[in-house]
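Read-outs throughout are calculated quantities, based only on the coordinates presented, and are distinct from any laboratory measurement. Quick caveat, the model's predicted, so the values are computed rather than measured. Quick reminder, even Gly has a Cβ in these numbers, built from the backbone with ideal geometry, and neighbours come from all protein chains shown.
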Amino acid sequence: MVSDIERENDYVLEVKNITKRFGGLVAVNEVSFGLKQHEILGLIGSNGAGKTTLFNMIAGTFPPSSGEIIFKGEKIQGLRSDKICRKGIGRTYQICQPFGNMTVRSNVMVGAFAHYPKRHNAAKKADEVLKKVELYHRADSMGSELTLPELKRMEVTRALATEPEVLLLDEVIAGLNPTEVDVFVDLIKKVKEREKITIIIEHVMRALMSMSDRIVVLNHGSKISEGLPSEVATDPHVIESYLGERGGSHA
């Protein structure tokens, strides 16, 4: 029989009873889950369910009102975002905001500076990651010249340049057409395998079902389901609150 301690040690990241209040509004309500090494965890929920708030707490954008966030055995809740980044948690942002007057290489170097303070070393790291995500051919282009799929790819590249062990991808697939989504799903799978990192991603349902090892479902700030994609898709609570009574997919 596996003990609670052994089970906890399986997690590279663990969220325990995390709550975030903004005045009288409870945005996230006592959410708990664990993230195992080298897996992709999908996080879904309708708009306002608390997904980005949860990401912001994990990444250090703001502290939780209560609860714990444990990364590799260390409590990190309340630490500054730059410290959390250097410890090994990288992220993208819901809205792509490139430095339009800088090259793609320089945009990615912003992430690389977290571990490579010297410019030539940061540039070398940026080029290395750009090649891995197949965006090196745009290294000398300006950030303002990129298409939406390229901007999304650059966001992932900049986060990878911080050398994360856990990568939070916040709506990185949103806004892409079905063909572009399929390309991005393949990219994320390749990144996971090459870098041996753990990924939390949200929230395009069709894509999540095809790439996630497990899925966590939030509704009005609370976790209502967790399990394999096939289990979550047939959970009556999920169907009622998120997918709709007919089980239609949610973009």
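Overview of values
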item	result
20 °C / 1.002 mPa s Stokes-Einstein diffusion coefficient of region 118-244, Kirkwood radius on C-alpha pairs, µm²/s	133
DSSP loop GluC sites (Glu not before Pro) with at most 16 other Cβ within 10 Å excluded, longest remaining stretch of the chain	135-244
10 Å Cβ shell holding at most 15 others, DSSP loop, trypsin sites (Lys or Arg not before Pro): longest site-free stretch of the chain	119-195
Descending semi-axes in Å of region 12-136, equivalent ellipsoid built from Cα gyration tensor	30, 16, 14
Mean residue ellipticity (222 nm) of the chain, computed from DSSP H runs ≥ 4 via -39,500 (n - 2.57), nearest 500	-10000 deg cm²/dmol
Hits among lysines - C-alpha to C-alpha of LYS190 under 26 Å, sequence gap 8 or more where chains match	LYS36, LYS51, LYS72, LYS87, LYS124, LYS125, LYS131, LYS132, LYS152
Kirkwood hydrodynamic radius over Cα pairs of region 4-243, then Stokes diffusion coefficient at 20 °C and 1.002 mPa s, in µm²/s	118
